[in-house]
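The values are calculated or read from the model by the stated rules, or taken from the named source; none is laboratory data. What you see is a predicted model, and the numbers here were worked out from it, not measured in a lab. Glycine gets a Cβ as well: all are built from the backbone with ideal geometry, and neighbour counts include every protein chain shown.
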Amino acid sequence: SHRAIFASKSYADRLEDEIAELQADNLAHRTEKKRVKKNMKKINRLNKKLDEEKDKGRDIDPTEPDKEPLPCYFNTGCGLYTDGITNIEIVDDEIKLVKWHRDTAKKPRFEVYEEEKLCEMIDSIK
C-alpha cells in the first residue's frame with residue numbers, strides 16, 4: 001500500500017473521525033453560536049478533504065467493519081510524492097506520520113499529519 005496508514009486508520013478514516021467529533025461538539029454546545037460556526041468551517045474544510053480522498057480512491061474499507069481497529073498497524077514504508085515524502089517517525093514517547101516537503105525553502109519543511117503517545121497507544125491495545 002502506498003496509502004498513509006497510521007494506527008490502523010487511513011487518512012479518510014481519520015477525517016471522518018474528526019468530522020464526527022466536531023459534529024458531536026456542536027450538539028453539546030449548540031447554544032454557543034461562535035463555537036458552532038467555527039466548527040462548521042472546520043467541518044466544511046474536512047469534508048472537502050474527505051471528498052478528495054474518496055475521489056482518489058483512498059477511502060479504504062475496514063478489515064473488520066463492526067469493530068474499531070486496534071492501533072497496531074502502520075504503513076512503515078514511505079510514500080513518495082512529487083512534492084515530498086511521508087514517513088513514520090518515532091521520537092521519545094511519540095510516533096508520528098510526517099510529510100517532508102521537497103521544497104527546502106518551505107517553512108516549516110515538514111508537517112505532522114498524525115501523532116500519538118506510544119504509551120497511550122499501547123494502553124489502547126491492552
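So, Leu97, is that one more than 17 Å from the chain's Cα centre (by Cα) and either touching a residue at least 60 places away in the same chain (Cβ under 8 Å) or part of a strand (DSSP E or B) (or both) or not? When the stated conditions are applied, Leu97 does not pass them. State all residues of region 86-126 that are closer than 16 Å to Arg14 by Cβ, surrounded by 15 or more Cβ atoms within 10 Å (Cβ to Cβ) and not acidic (Asp, Glu); if no residue qualifies, say none. The answer is Thr86, Ile88, Ile95, Lys96, Leu97, Val98, Lys99, Met121.
Residue-by-condition table, conditions (1) modelled with pLDDT of 95 or more; (2) among the polar types (S, T, N, Q); (3) surrounded by 11 or more Cβ atoms within 10 Å (Cβ to Cβ):
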residue: Asp13; (1), (2), (3): no, no, yes
residue: Leu22; (1), (2), (3): yes, no, yes
residue: Ala28; (1), (2), (3): yes, no, no
residue: Lys34; (1), (2), (3): yes, no, no
residue: Lys42; (1), (2), (3): yes, no, yes
residue: Glu53; (1), (2), (3): no, no, yes
residue: Asp59; (1), (2), (3): no, no, yes
residue: Pro62; (1), (2), (3): no, no, yes
residue: Asp66; (1), (2), (3): no, no, no
